[in-house]
1. Which one is nearest to the chain's Cα centre (by Cα) among residues in region 145-181 that are acidic (Asp, Glu) and in a helix (DSSP H, G or I)?
2. So which of ASP40, ASP25 is at pLDDT 95 or above and either farther than 23 Å from ARG110 by Cβ or buried (at least 20 other Cβ atoms within 10 Å of the Cβ) (or both)?
3. Please find, among ARG138, ARG107, ARG166, the residue that is under 30 Å from GLY15 (Cβ atoms) and not hydrophobic (A, V, I, L, M, F, W, C).
4. Just one of ILE109, ILE114, ILE185 is outside any helix (DSSP H, G or I), modelled with pLDDT of 95 or more and under 24 Å from PHE29 (Cα atoms); which is it?
5. Taking the conditions exactly as written (part of a helix (DSSP H, G or I) and either crowded, with 20+ Cβ neighbours inside 10 Å or more than 15 Å from the chain's Cα centre (by Cα) (or both)), does MET207 satisfy them or not?
6. Checking the structure you have, find out if any residue of region 38-60 is without any contact (Cβ under 8 Å) to a residue 40 or more places away in the chain, of a type in the set (A, V, I, L, M, F, W, C) and within 29 Å of GLU155 (Cα to Cα).
7. Within region 65-74, identify whether any single residue is within 19 Å of ASP132 (Cβ to Cβ), at pLDDT 95 or above and not polar (S, T, N, Q), and answer yes or no.
8. Going residue by residue through region 124-135, is there one that turns out to be under 30 Å from PRO175 (Cα atoms) and buried (at least 16 other Cβ atoms within 10 Å of the Cβ)?
Amino acid sequence: MMFGSGRNGEKYFEGFREMCGYSADAAAFLKEILTDYDPDRIKQHREKMHAIEHDGDVARHTMFRKLGKESRLPIEREDIIAMADAIDVVTDSVEDVLLRLYMFDIREIRPEMIELTDVMIRIINVLGDAIDEFPEFRTSKTLHEKLIEINSLEEEADRLYIEAMRGLYTDESMPSVKVTAWTHIFVYTEEVADAVEDAADVIESVMMKNG
């Protein structure tokens with residue numbers, strides 16, 4: 001079934017917006033944690049972050065329950081599933097970063113981490129803008145620009161990641177165990193931007209399919 005409007009369509013579009021909102025909430029909370037970092041509160045922070053991630057899962061499952069009962073859909077069933085899954089991965093990826101801070105018992109935050117997190121917030125917010133525009137993708141004058149902006153921000157995250165890794169491996173004062181820990185953390189942080197770009201690719205694919 002092709003793209004369409006109406007109550008059924010808006011229901012799914014609102015579901016995408018809700019899920020993307022949880023991704024933004026998770027990223028903002030991570031920045032809050034890093035800005036006033038207290039390693040002794042990470043376990044407590046994990047519980048709140050997991051609650052955000054869980055709310056995102058609930059929104060996704062609610063959408064899928066509706067999907068199983070309806071025959072008239074705004075876009076193809078598999079496209080709805082692909083978009084929901086891609087957004088869900090973004091929220092999961094943010095939680096994964098916090099889990100690594102806990103797992104490796106990080107006591108101090110490297111400044112590069114703040115820079116990467118700032119880009120994370122920006123790219124997720126742009127994804128939210130793209131989701132807002134998606135219902136009008138045939139006539140929207142800004143949706144394509146948002147997808148290009150996501151690509152540019154992912155490239156910026158790549159550049160910051162490369163410099164963060166170089167700084168890490170040229171810091172002779174850093175114990176090898178912490179080098180290993182921060183390697184994993186930087187990888188997982190950069191993967192959030194990759195997840196957003198993957199979601200943007202799904203959006204673009206659906207646009208082309210239904211154009």
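The values are calculated or read from the model by the stated rules, or taken from the named source; none is laboratory data. Note that the coordinates shown come from a computational prediction; the quantities given were computed from them, not determined experimentally. Glycine gets a Cβ as well: all are built from the backbone with ideal geometry, and neighbour counts include every protein chain shown.
1. If we filter region 145-181 for residues that are acidic (Asp, Glu), which is where we start, we get 145, 149, 154-156, 158, 163, 171-172.
So of that shortlist, the ones also in a helix (DSSP H, G or I) come out as 145, 149, 154-156, 158, 163.
Numbers: GLU145: 19, GLU149: 15, GLU154: 11, GLU155: 15, GLU156: 15, ASP158: 15, GLU163: 22 Å.
The extreme case among them is GLU154.
2. Just one listed residue meets the conditions, ASP25.
3. Just one listed residue meets the conditions, ARG138.
4. Result: ILE109 is the single residue among ILE109, ILE114, ILE185 that is outside any helix (DSSP H, G or I), modelled with pLDDT of 95 or more and under 24 Å from PHE29 (Cα atoms).
5. Taking the combined requirement at face value, the residue satisfies it.
6. no
7. Taking every residue of region 65-74 in turn, none turns out to be within 19 Å of ASP132 (Cβ to Cβ), at pLDDT 95 or above and not polar (S, T, N, Q).
8. no
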